[in-house]
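Here is the structure we will look at, set down as structure tokens.
The values are calculated or read from the model by the stated rules, or taken from the named source; none is laboratory data. Keep in mind that what you see is a predicted model, and the values were worked out from it rather than measured.
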Amino acid sequence: MILHPSFKLEYFKRLQWPQGWISDAIDIACKAWEGQYKPKESSTLDLPTEKPVAGSSSNIFVSLMSTQTKAAFSNNNATDQFNRYLADSCVQTDDPLQWWVMN
């Protein structure tokens, strides 16, 4: 239920599960994420890093984007993807598998 984007933790809260049970469900889902879906350390992007050239704004932009892209795909960021998913509001969908493929 946690991985269904329409329900997440709301399902458990609405049915008034004890907090300990909800925590156990989160732990189980987190372990599944870490064991099966979380990107491995070796899968981080190897993007070029350009040093800005004086007087060239396009190189500064490319450098900035490169830095932001690396941060977005770093393994530390991947660790937080599961927590961000839980923190985001529920999304109504009739096809949760398709939602995961698209997101």
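In this structure, A54 does not satisfy being among the small types (G, A, S) and at pLDDT 60 or above. You will find that of L45, L64, the residue that is part of a helix (DSSP H, G or I) and either modelled with pLDDT of 90 or more or of a type in the set (A, V, I, L, M, F, W, C) (or both) is L64 and no other.
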